[in-house]
1. May I ask you to evaluate 6.51 cos²θ - 1.76 cosθ + 1.60, the Karplus curve with θ = phi - 60°, for each residue of the range 87-94 and list the ³J(HN,Hα) values in order in whole Hz, giving x for glycine and proline?
2. State the answer as a single residue: which of 84, 114, 99 lies farthest towards the positive end of the charge dipole of the chain, with beta carbon charges of +1 for Lys and Arg and -1 for Asp and Glu, about the Cα centre.
3. Given H placed on each backbone N at 1.01 Å, which residues far from residue 15 in sequence or on other chains put an amide H within less than 5 Å of it?
4. Under the Kirkwood approximation for Rh and a Cα-based Rg, what ratio Rg/Rh is obtained for the range 1-52?
5. How large is the accessible surface of residue 85 in square angstrom, using a 1.4 angstrom probe and rounding to the nearest 10?
6. Identify all lysines with a Cα-Cα distance to residue 75 below 16 Å; exclude those on the same chain that are fewer than 8 residues away in sequence.
7. So, with a 1.4 angstrom probe, what is the percent of accessible area on the range 1-105 that is carbon and sulfur?
8. Report ³J(HN,Hα) in whole Hz for each residue of the range 42-57, in order, from the Karplus equation J = 6.51 cos²θ - 1.76 cosθ + 1.60 where θ = phi - 60°; Gly and Pro get x.
Amino acid sequence: VQLQASGGGLVQAGGSLRLSCATSGRIVGIKAMRWYRQAPDKEREYVATMTPNGSINYADSVKGRFSISRDSAKKTLYLQMNTLEPDDTAVYYCNFDTVYKDYWGQGTQVTVSS
């Protein structure tokens with residue numbers, strides 16, 4: 001099983017990006033699907049969660065601006081990011097938390113210029 005994150009890039013403040021996390025192989029026992037981010041010289045921080053039954057939560061810093069979703073047919077997790085701010089600059093990682101193990105994508109860089 002592999003997770004492939006994509007969609008990052010350079011955007012001006014106020015702009016939007018959509019991140020994708022494509023999964024290869026079959027992932028069973030999913031407890032939650034999450035996005036995290038890590039800014040330079042900072043700890044990795046939680047961004048958003050979606051559970052298999054559709055329960056969604058966001059970090060306070062992105063609430064109202066980011067939206068997590070999933071296309072099961074395409075086996076892809078998304079993070080729609082609107083009204084981006086310079087503080088959103090980070091490497092974004094997708095994560096599938098299962099009863100067996102944690103799966104992580106390789107990260108995609110998001111840079112927001114002021």
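1. Karplus-based 3J(HN,Hα) across the range 87-94 equals 5, 7, 4, 4, 8, 9, 10, 9 Hz.
2. The one lying farthest along the dipole's positive direction is 99.
3. 84
4. Details: Rg = 13.4 Å, Rh = 13.3 Å.
Rg/Rh: 1.01.
5. Solvent-accessible area, nearest 10 Å²: 80 Å².
6. 31
7. On the way: 2530 of 5720 Å².
Summing carbon and sulfur atoms, their accessible area is 44 percent of the total for the range 1-105.
8. 10, 6, 5, 10, 6, 10, 7, 9, 9, 9, x, 8, x, 5, 10, 9
The values are calculated or read from the model by the stated rules, or taken from the named source; none is laboratory data. For clarity, every value in this text was computed on a predicted model and none was experimentally measured. So basically every Cβ, Gly included, is an ideal-geometry build from the backbone, and we count neighbours across all protein chains shown. For the accessible areas, the whole protein counts, side chains as well, though only heavy atoms, and no ligand, DNA or RNA atoms are used. Shrake-Rupley method; radii C 1.70, N 1.55, O 1.52, S 1.80 Å.
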